[in-house]
Structure formats: C-alpha cells, structure tokens
1. Restricting attention to the range 77-108, report how many residues are buried (at least 19 other Cβ atoms within 10 Å of the Cβ) and either free of Cβ contacts under 8 Å to residues at least 60 places away in the same chain or touching a Cys at 6+ places or on another chain (Cβ under 9 Å) (or both).
2. Please go through the range 120-143 and pick out each residue that is over 18 Å from Glu220 (Cβ atoms), in contact with a Lys or Arg (Cβ under 8 Å, 6 or more places away or on another chain) and crowded, with 24+ Cβ neighbours inside 10 Å.
3. Across the range 119-133, what is the number of residues that are within 20 Å of Met32 (Cα to Cα), hydrophobic (A, V, I, L, M, F, W, C) and part of a helix (DSSP H, G or I)?
4. It is to be established whether one or more residues within the range 77-87 are modelled with pLDDT under 95 and not hydrophobic (A, V, I, L, M, F, W, C).
5. Return the only residue of Ile300, Ile246 being within 15 Å of the ligand (Cβ to nearest atom), under 18 Å from Pro198 (Cα atoms) and hydrophobic (A, V, I, L, M, F, W, C).
6. Would you be able to say whether some residue in the range 29-45 is charged (D, E, K, R), assigned to a helix (DSSP H, G or I), farther than 19 Å from Val167 by Cα and more than 22 Å from the chain's Cα centre (by Cα)?
7. Could you tell me which of the residues Asp307, Asp292 is under 30 Å from Ser202 (Cα atoms) and in contact with a strand residue (DSSP E or B) (Cβ under 6 Å, 6 or more places away or on another chain)?
8. Condition check: more than 12 Å from the ligand (Cβ to nearest atom) and either buried (at least 20 other Cβ atoms within 10 Å of the Cβ) or among the basic types (Lys, Arg) (or both). Does Val276 satisfy that?
Amino acid sequence: MNKIKVNLDKKTSASYEIYIGENIVDRMGLIMAKNNWASRYVMITDSNLSTSHGEKVQATLREMELKVDLIDFPAGEASKNFQTNLRIVDRIIDLGADRTSALIALGGGVVGDITGFIASIYMRGIPYIQVPTTLLAQVDSSIGGKTGIDLPEGKNILGTFYQPKGVFIDLAFLKTLTPREFRSGLAEIVKYGIIDDPELLSSLEVEAEAIRNRDMSLLEKIIARSCRIKKGIVEIDEMDKGIRRILNFGHTIGHAIEAESRYSVSHGDAVSIGMVASTLISERLKYLPSEDRERIISLIRAIGLPDRIPKTLSPTGILSRIKRDKKKEGDTIHFVLLKKIGIPFVNGSVSEGLIGEIIEALKK
Ligand code: GLY
C-alpha cells in the first residue's frame, strides 16, 4: 500500500495521510481503530453505491468492531442542493451522532463535497474521512479539503475548506466504473502531466493503451503520482489564493461546456476539450511552442479523450457562460495558460474575441 503525507500549516489544518492500494478496506478499519478518530461513524454514500459498495464496506468495518451507520441520498449533482443536505443532516441527528462522531464519504465528487461540507458545520465541525470510489475523486476532489453545495445561483456557492482525517484510495472500486466515469478521471491525470510533470506525460504517452484497459498496477503508480502533485500544490496554497489556481487548467472553458450541455458532456470530457482550447490559446499568444501543442493534443486523442466541442452546443452560449464563471474577478476572466509543458501561469488578459475564435474552431 502506498502512503503519502499531506503536510499542512499547523495553524490552519492538521496534516493527514493518503493511503493507496487494492482491497484496502480491512486496513482502513485497522487505521481508523488505531487513530481513534471517533466513537462512531456515519457513512454517507449515494443511491447507486449504497448496495454495491456501501453495505460491504459497512459490514467489513463492523466486523472490526467499529460502529458504522449508513445513509444514502439520490445520486447526481442535483443532490448538492440545500434541501437534500438538510434531509441528510436530519438523518444524522436521528442516528444520535454527536461531537464524538465522524462521517465517512464513500463515493465520487458529489458525495465527498456534501459529506465534507456537513462535517465542517455539524455541531461546529466533526471529523470525516474520504473513501473516493471514482478515478476523478481519487486523484482530485478527495484531496485538498474543498467542500460545498450548490445554490440556484451557481455551483459550490456555499462551501468550506475542511481537510479530512485521512483519504483511503481503494483501486478495487475502479473496476466498477463506466467508461465515461473512468475517462473523467483520466482527464485530470493528463492535466497533472501537462501542468506539472513532463515525466508523467511521457509515461501516459507510452502506456496509453494499458491505462485505457485499466491495468491496475500501472494505475496505482499513476494515481500515486497524481496525488503527490495535488498534495504538493495544496501544501503551498491550501486556501486557493495563488498557485492552486493552476489546477483549473482547462476548467474555465470546460465548466462552460459542461453547463451548456446541461451536463450531458461529462466533467472529464469537458475539461479535456477545455485543455485543448487553453493549449491553442497559449500557442496563439506565442507562449507555447507548436511541438508542445502537438504533443498535448496527440496524448488527449491516444488516451481516448475528446478534443472537439459537440456540434449541438452553441459557441455563443459557451462564451456567455465563461463570462459568468465564478472565478471571474471584477471584469477579468482568469485563464490558466502554458509557457511550455510543466510551466503553467495565470493570465487575466485573454480577449473575448480570441476565446470565441478558438471555441468556433473547436466545433466538430
Ligand atoms: N479541483 C481543484 C482544487 O482542488 O483546487
């Protein structure tokens, strides 16, 4: 089992470990018991995972004499609303959870965001642990303590930075993902290679086919490498005031595509197209050499990710969503661009005209 420590500023948050391996639920139980994080646990999951994974994890932990209850809510981003969250809190109260209790987030990004958010405010804050089941959550959302729920006005409008006590990444869950879910995580892994790690990018190029075929030992190495990159960035900028913004490479246009498609384009596919767009913008502004642009786009294709905007989506609609992006500060849209592979930077002066041109050029 791989073990990676996230070292945080003691004045702000406690440090914690990320554990990575296949079939690690037993070992997770031992670590929970040894650390004595809580007198009892409430595991939160979604309706798709409750029977397939939730009941099994609960049974394993109960065999180890840990007190664990299980709650589920309807799967999907729509559940990140206020009412669903109040209903979850009601059920936690009904179970008698108090300040000595802790939560377990078992699921993808939505489960992690909701559970972390509730843990951060329930009785002024109780501990939680992350057990991410999707590749996307394993390499991105379970690490770094971002939590949140959506309001009609936008995504993650209410949220906190609240770090888990531990993250347990069990590769066994990856076998059950749909191709769409699996691809979503691959996009974030490609992103880490582009923004931070040319060596990771080279191994993705060499092993693209084995990765698509979910070779577990290869995935373990790549997930560990991705987690190391993310934790390194979070350690420097836990509160997302500076360098952490480079993790948004591909996300400004990606979020707009995702929303404009009413979420029929997955997060990973949208981020993949967004990364292509940011690569082209970087080249057009004469920052990025054309060999780097070719390398990025070839890898995106080789790994099975999309590089074109579906023709059903309106370029004007995408552009107006970009302008409304929540990361817009004042009148500036902040884009993460590239000087070369491994050297990203934030640029606030990309013109709307250029963004529109690139979106138009990327239509199928
Ligand atoms: N997913 C971006 C971040 O954690 O900052």
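The values are calculated or read from the model by the stated rules, or taken from the named source; none is laboratory data. Keep in mind the model is a prediction, meaning the values are calculated, not measured. Note that we place each Cβ from the backbone using ideal geometry, even for glycine, and neighbour counts take in every protein chain shown.
1. Residues flagged as buried (at least 19 other Cβ atoms within 10 Å of the Cβ) and either free of Cβ contacts under 8 Å to residues at least 60 places away in the same chain or touching a Cys at 6+ places or on another chain (Cβ under 9 Å) (or both) within the range 77-108 amount to 4.
2. Once the filter is applied, which keeps residues that are over 18 Å from Glu220 (Cβ atoms), in contact with a Lys or Arg (Cβ under 8 Å, 6 or more places away or on another chain) and crowded, with 24+ Cβ neighbours inside 10 Å, the range 120-143 yields Tyr128, Ile129.
3. 1
4. For the range 77-87, residues modelled with pLDDT under 95 and not hydrophobic (A, V, I, L, M, F, W, C): present.
5. On inspection, the qualifying residue turns out to be Ile246.
6. Checked against the condition, which is being charged (D, E, K, R), assigned to a helix (DSSP H, G or I), farther than 19 Å from Val167 by Cα and more than 22 Å from the chain's Cα centre (by Cα), the range 29-45 yields no hits at all.
7. Answer to the selection: Asp292.
8. Criteria met by Val276.
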